[in-house]
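Report on one structure; see the data block that follows.
The values are calculated or read from the model by the stated rules, or taken from the named source; none is laboratory data. Computed from a predicted structure; not experimentally measured. Positions of Cβ are backbone-derived with ideal geometry, glycine not excepted, and every protein chain shown enters the neighbour counts. Ligands, DNA and RNA are excluded from the accessible area calculation, which covers all protein heavy atoms including side chains. Shrake-Rupley method; radii C 1.70, N 1.55, O 1.52, S 1.80 Å.
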Amino acid sequence: MGLLRDEFLKSIWHAFTALDVDQSGKVSKSQLKVRDNFDILEFNNVCWTLCFKKNINMSHLLISNDDAFKVWCIFNFLSEDRYPLVIITEEIEYFLRKLMEAMGGIWNQERFDDYKLMLNRKQQCLSAWELIELVGMGHFSKGMNRQTLSMGISEVFQELILDVLRQGYMMKKGHKRKNWTERWFVLGPNSMSYYVSEDLTDKKGDILLDRNCCVESLPDKEGKKCLFIVKCSDKSFEISASDKKRKQEWIQAIQTCIQLLRLGLPSPHREARLRRRELRQKQQAEQGELEERMRLLQIANENKHRQLESMTKKLEEAVATATLEEQRRKQTQTDLQDRYRTDLEREKMVRQQMEEQVAQKSSELEQYLQRVRELEDMYHRLEDALEDERQARQDEETMRKLQTRLLEEESAKRAELEQIHLQQQRAISQTQAEKQELESDRLAKEMALQAAMLQLESLERERHGALEQYEEVRMKLEQAANKTKSWKDMVAKHEGLVRLIQPGDKGPQRMTNWGPAAFTDTELDLRKKSWQERKNHNQSAQ
C-alpha cells in the first residue's frame, strides 16, 4: 500500500504543478475534480491530461500521445521519492536497456556513456518531460520504426506498471462444454486473466491466485499436448501450451507468483527497484564518509602548508637580520674583524641547521603528498571492492535459491528413505517370526524322526527273530516231507496202485509260524521284496 501511495502522490504532483500557474503552492477546488470509482490507469490518465499540454510539444516527436503517457507513467515508477521529481542516470539506463530488449535491438553502452558524460555536466538527472523527449527523439532507437518503438514502450509499460509477468496465446478447456478454445492469457502478481485476443477488449475470465493455489504438469490426452493444470480453492483450469518450452516457462512463472504470494513479497521488478535504491543509498553513505575523510586530510594538509610557509618566512627574516648585522659590523668595527669572523661562523652554523630543518620539513611534505596519493589509490580500490560486493550479493542470492530448492529435494528424499526403512524393519520382524516358527517345526520333526528310528530298530529286531523262527520251522518241514516221501515210496512199492488220498490244494505248500499253507511262494516273495524296500528306505533316511 505504501508503494501505491507514493505512485499516486507522484501523479498528483504533476497535476498540481500544472494547475499551479502562479506558483503560489495553492490550487482552487474548482480545478480539482475527484471521482469515487477509478483505477490507477484512469487516475494517471486524468493527471496526464491536466499536465502534458503545458509542459511538452508532441508535434516533433516520433511517438504518439498514448506512448508518451506510458513513458510518463514509467517515469513516475522509476523516479526518486523527492520533489521536484527527477530520474537519475542509473534508472535511465535501466529503462533504456529494457526498451531495447523489448524492441529486439542491441544495447550500445558507449553511446549511453557519452550521453551520461554530457548529462553529468548539466544536472545528472532528467525530468519527466526531458525523458519523454529523449525517447521520442529516437536517440537510442536509431534504425527502429515507429511501430517497433511503440510496441517496445507498450511491453515495458505492461511489465513495470501493469505488473504483467507473462502473456501469450494458449488453449483452455471449458468448464461446461469441455471444449478447447484459444485464449490470450495475461499473468499478473495475483491473477491470470484470459481474453479473446491480444487487444484485451473482450475479457473472458480470471484465475485468481493465492497462497493455496498450485500448478502441475499433465500427460498428453484428448489429442492435446503440453498440458498443465492450475488448481485453485474453488476450481481447476486445464491449459495447453504451444510447445514444451513455453509450457515450462508458464509453469515457472505461475509458481513464482504463488511463491511471492506465500512470502508476502511484491512483484519482482518492484523488489528489484527497492534493491537498487538501497544499494544507491549505501553507496552514497559510503561516498559521504569517504568525502569526509578526504576533507579532514585536506585540512591537515593545509595546516602543514601554513606551518611550512611560516617556518620559511622566519628563515628569510633570520637571514636578512644576519646580513644587516654583518654589514654593520664591517662598517663600524674593522679592527675587530677576527672577533666578528667567529660570530660569522657561528651564524653560518645556525643557517646550516635551519636549512637542514627546511630540508626535513620538505621531506615530511613529500611523505604527506605520497600518503595523499596512496589514499586516492585506496579510494579507487574501494570502488572496485564495492562493485565486487554487489556482484557477490547477486551470486549469493542465486545460490540461496538453489540451496532452498536442494533442501526441499533432500527433505522429500529423506522422508522416502525413512518410509523404506520402516518397511524393512517390519519385513525383518516378520522374517524373524517365521524363522522361529520354522525352527520349532524342525525340532518337532527331529523328535518325530528319532521316535520313528527307535520304532524301526524295534521292528528290525522283531524281524530278525521271526526269520530265525522261520528257518527252524522250514528245516522241520523239510525233514517231515522227506519222511513222508519215504513212506509213500515204500507203500507204492508194496501195494502197487494204492495211494494216499490227501485233502486240500495239490500245489506246493509252505510251513510258517502262522501254520501250514498260510502263504504261497509268490506271496512270500512279494512280502520279502516289500520288507527289503522299507529297509533300504530307512537306511537312506538315516
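Determine the calculated [θ] at 222 nm for the chain from helices alone, applying -39500 (n - 2.57) to every DSSP H run no shorter than 4 residues and normalising by the residue count; nearest 500 deg cm²/dmol.
Numbers: 11 runs with 362 residues, N = 542.
Value at 222 nm, helices only: -24500 deg cm²/dmol.
What's the ranking of 162-172, 375-385 by average number of surrounding C-beta atoms within 10 Å, highest first? Don't jump to the answer; show the numbers that get you there.
Numbers: 162-172: 17.6, 375-385: 11.2.
My ranking of the peptides, most packed first, is 162-172, 375-385.
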In nm, to one decimal, how far is the modelled label at D335 from the one at T49, with both set 7 Å along Cα→Cβ?
-> 11.6 nm
Could you work out the relative contact order of the range 164-266, using alpha carbon pairs under 8 angstrom and six or more residues apart, expressed as a whole percent?
-> 23 percent
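When ranked by the protection proxy of mean other Cβ atoms within 10 Å per residue, highest first, what sequence do the peptides 145-153, 273-281 form?
Working: 145-153: 16.7, 273-281: 13.7.
Going by the mean number of other Cβ atoms within 10 Å, highest first, we get 145-153, 273-281.
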Check S191: other-chain or 5+ apart residues with amide H under 5 Å from its amide H, H built from backbone geometry?
-> L209
D67 - accessible surface, heavy atoms, 1.4 Å probe, Å² rounded to 10 = 10 Å²
Å³ per residue of the Cα convex hull, for the chain?
-> 506 Å³
Taking the C-alpha atoms of the range 236-391, how large are the radius of gyration and the largest Cα-Cα span, Dmax, in Å?
-> 36.5, 125
Report, to the nearest whole %, how much of the accessible area of the range 71-133 belongs to carbon and sulfur atoms, 1.4 Å probe, protein only.
-> 47 percent
Per residue, in Å², the accessible surface of the range 160-225 once ligands and nucleic acids are set aside, probe 1.4 Å = 59 Å²
Can you check what the net charge comes to around N301, using other residues whose Cβ is under 11 Å from the Cβ of N301 (Lys, Arg +1; Asp, Glu -1)?
-> +3
Using alpha carbon centers only, the range 407-462 is separated from the range 341-356 by a whole-angstrom value of 116 Å
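Which of the three applies to the range 149-257, rounded, prolate or oblate, going by the alpha-carbon gyration tensor with a ≥ b ≥ c and a/c under 1.5 meaning rounded?
Values: a/c = 1.58, a/b = 1.43, b/c = 1.11.
Prolate shape, in that a/c is at least 1.5 and a/b is the bigger ratio.
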From phi via Karplus (6.51, -1.76, 1.60), per-residue ³J(HN,Hα) for the range 420-428 in Hz, x at Gly/Pro | 5, 5, 4, 5, 5, 5, 5, 5, 5
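How big is the dipole moment of the chain about its Cα centre under a simple scheme where the beta carbon of each Lys and Arg is +1, that of each Asp and Glu is -1, and everything else is neutral? Debye, nearest 20, please.
It comes to approximately 2420 debye.
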